[in-house]
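Engineer: What follows is a single structure, and I will ask about it in a moment.
The values are calculated or read from the model by the stated rules, or taken from the named source; none is laboratory data. Predicted model, so just to flag it, every value in this text is computed and none were measured. Reconstructed Cβ throughout: ideal geometry from the backbone, glycine too, with neighbour counts over all protein chains shown. Side chains included, ligands, DNA and RNA excluded: accessible areas come from the protein's heavy atoms. Shrake-Rupley method; radii C 1.70, N 1.55, O 1.52, S 1.80 Å.
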Amino acid sequence: MNKLKVAIVGGDLRFVRLAQILSSKNFDVAVYGLCHPDIPDDVTVCSSLSELKYYPYIIGPIPFSKDGKCVFTPMCNGYISVEQFFLAVSNSYILGSVLNSHMCEQFEKHHIAYCDIMKMNEIAILNAIPTAEGAIQYAMQHSEITLHNSKCLVMGYGRCGKILAQKLDALGACVSVEARSTTDLSFISTYGYRPIPLNELKSYLPEFDFIFNTIPVKFLDASYIDLFNPEVVYIELASAPGGIDIDYCTSKGITHVPAPSLPGIVAPKTAADIIYQCLLLILRNQGAIL
Ligand code: NAP
């Protein structure tokens, strides 16, 4: 039986681990824009975008692009323009990640079949585990106090917020969680954390030792930052542009820790396995495998 052909374009160490997994599972694997000595010998290393047309499934990096112009390729020196990529992959199905509305429009304009795997709950929930562990690792690295007994605020009670709150609680932190929905606030209370409605956030802000933001909207302006404990460690988990006015934060001497792509940094093997499970799900849904 012919091997199923899958290409990986760009990405961080987790995509190297993914190439290893796919190769071990007998896929016909190609990579482009991904250079690393651990890439197995039986993986085809493409030298041009045009070679991707032989691959019906293409897995793009996380995030797919940071600037909307080039595909994210942190492990190779080359530059892959998003526009050139679209022209080369018109007949393939693209597994993208963290695609904003402009990028989705570009996929549609080029009539390219795609999905955003980070919008799939099955993937995003599992991915929240290495994200939460990484956030805790960064918090420990940037502070002189223990998380145990510290006052932690988790902003947002979505997939990352839920798992992070649970892990901080398990470490003995005093966990408060901000949310805007009354349902979320009830769940937060039920799990034993302190619920903070978004419209009351300002009155609680001065007390926190750590703030973990998962809200993908920039709304923490000077009026909020002025209320921070000067020694707070602010960990930014939300994707760019994040949730805070970084320049103002810096001017106030607040410790602002950008924490993008944590699964790929702190647990690339686990993160690769999550993407592999996602690929299998998509292949099954499309009838490409049983
Ligand atoms: P999610 O499940 O959609 O949760 C987002 C949370 O933000 C929800 O509580 C949502 O509240 C809240 N929110 C959204 N818009 C808001 C607004 N305008 N005002 C107030 N609250 C708002 O997302 P997720 O999977 O947890 O991911 C959160 C962020 O982390 C995303 O930017 C994602 O790309 C990023 N991420 C980063 C890493 C990393 O390694 N740093 C890893 C995974 C994900 P509602 O439910 O009320 O809308």
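Engineer: Here is a check on your reading of the model: is A288 touching a residue at least 40 places away in the same chain (Cβ under 8 Å) and more than 9 Å from the ligand (Cβ to nearest atom)?
Structural biologist: Yes; evaluated as a whole, the condition is true for this residue.
Engineer: Now for a different question. Within the range 1-42, count every residue that is in contact with a His (Cβ under 8 Å, 6 or more places away or on another chain) and open to solvent by less than 10 Å² (accessible area, probe 1.4 Å).
Structural biologist: 1
Engineer: Follow-up question, since we're still on this one. For the range 54-84, enumerate the residues that are surrounded by 20 or more Cβ atoms within 10 Å (Cβ to Cβ) and polar (S, T, N, Q).
Structural biologist: If the condition is that a residue be surrounded by 20 or more Cβ atoms within 10 Å (Cβ to Cβ) and polar (S, T, N, Q), then S65, T73 are the ones that fit.
Engineer: Now a separate question. Run down L99, L87 and say which single residue is more than 23 Å from H36 (Cα to Cα) and either buried (at least 16 other Cβ atoms within 10 Å of the Cβ) or in the same structural domain as G161 (by TED's automatic domain parsing) (or both).
Structural biologist: When all the criteria are applied, what remains is L99.
Engineer: Turning to a different aspect of this structure: Taking only the range 51-70 into account, find how many residues are among the acidic types (D, E) and within 12 Å of the chain's Cα centre (by Cα).
Structural biologist: 0
Engineer: Pick from G264, G242: which is under 30 Å from I39 (Cα atoms) and open to solvent by less than 70 Å² (accessible area, probe 1.4 Å)?
Structural biologist: On inspection, the qualifying residue turns out to be G264.
Engineer: Within the bounds of the range 262-271, is there any residue that is in contact (Cβ under 8 Å) with a residue 12 or more places away in the chain, charged (D, E, K, R) and away from the ligand (no atom under 11 Å from the Cβ)?
Structural biologist: yes
Engineer: Turning to a different aspect of this structure: Taking helices (runs of 4 or more DSSP H) that do not extend beyond the range 222-290, which have at least 1 residues that are under 25 Å from S203 (Cβ atoms)?
Structural biologist: 222-225, 246-251
Engineer: Within the range 102-118, how many residues are within 17 Å of S239 (Cβ to Cβ) and open to solvent by 50 Å² or more (accessible area, probe 1.4 Å)?
Structural biologist: Result for the range 102-118: 1.
Engineer: On the basis of being closer than 23 Å to K252 by Cα, near the ligand (Cβ under 9 Å from one of its atoms) and open to solvent by 80 Å² or more (accessible area, probe 1.4 Å), does P230 make the cut?
Structural biologist: Taking the combined requirement at face value, the residue does not satisfy it.
So that you can scan it fast, the table gives a plain yes or no per residue for (1) within 14 Å of the ligand (Cβ to nearest atom); (2) within 28 Å of T250 (Cβ to Cβ); (3) β-branched (V, I, T):
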| residue | (1), (2), (3) |
| --- | --- |
| I163 | yes, no, yes |
| Q166 | yes, no, no |
| D169 | no, no, no |
| R180 | yes, yes, no |
| R194 | no, no, no |
| S203 | no, yes, no |
| F208 | no, yes, no |
| L220 | yes, yes, no |
